[in-house]
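Heads up: the structure comes next, in structure tokens.
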């Protein structure tokens, strides 16, 4: 029997918060919370937690911190916590010391230090994440799995309002 549980939370990003793009511009306006969703799926002994966020959660070291934190709370291996995030160039950072996964030398140095300096938004995010993860196990319920198949046999795109 497959079981699942989901939780969602939001983090408010304030005016003036520094974005993590190449220009270090600041947030001028934010219209609503940046949402994050957690889904715990259990099939017998196998458990996987999927995390999807409007915030950038797949850069290092915050990705490892998120996966280790949720894994510890749910008592599952961090390798069974998978995170996905938005791809936009105006998101704010959750950690001060951010780098991309392909910079192996930076990752090794960070693993030796073990410290991840969170931004104010990052501290709020982690607080909300811990609360959502703690609530998941008690919300597990049986689910049916359905799927559909489809195909796209032509290439199309909409550029400047004109379809190809």
Checklist entry - Hey, can you rank 56-64, 76-84, 24-32, 121-129 by average C-beta count inside 10 Å, highest first? => result 56-64, 121-129, 76-84, 24-32
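Given R₀ = 25 Å, what would the calculated FRET efficiency be for residue 50 paired with residue 97, taking r from the Cβ atoms and rounding to 0.05?
Details: r = 25 Å, r/R0 = 1.02.
Efficiency computed from Cβ-Cβ geometry: 0.45.
Using 1/(1 + (r/R0)^6) with R0 = 25 angstrom and r between the beta carbons of residue 82 and residue 140, what's the FRET efficiency to the nearest 0.05? Don't skip to the end; give the middle numbers.
Numbers: r = 18 Å, r/R0 = 0.71.
Calculated transfer efficiency: 0.90.
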Item to check | Contour excess over end-to-end distance, with Cα ends at residue 149 and residue 130 and 0.36 nm allotted per residue | outcome: 3.3 nm
Checklist entry - Label points 7 Å out from Cα along the Cβ direction at residue 2 and residue 117: separation in nm? => result 4.4
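Give me 33, 54, 105 sorted ascending by neighbouring Cβ count inside 10 Å, so fewest comes first. The partial results should precede the final answer.
Numbers: 33 14, 54 18, 105 8.
In increasing order of surrounding Cβ atoms, one gets 105, 33, 54.
Report, for the range 1-94, the % of DSSP beta bridges that are antiparallel, rounded to 5.
On the way: 20 of 25 bridges.
Within the range 1-94, antiparallel bridges account for around 80 percent of the total.
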Checklist entry - Given the alpha-carbon gyration tensor of the range 19-101, what are the semi-axes of its equivalent ellipsoid in whole angstrom, ordered largest first, with each equal to the square root of 5 times an eigenvalue? => result 27, 14, 9
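Values in this text are rule-based calculations from the coordinates and carry no lab data. Since the model is a prediction, treat every value here as computed from it, not as a measurement. In this analysis, Cβ positions are derived from the backbone assuming ideal geometry, glycine residues included, and neighbour counts consider all displayed protein chains.
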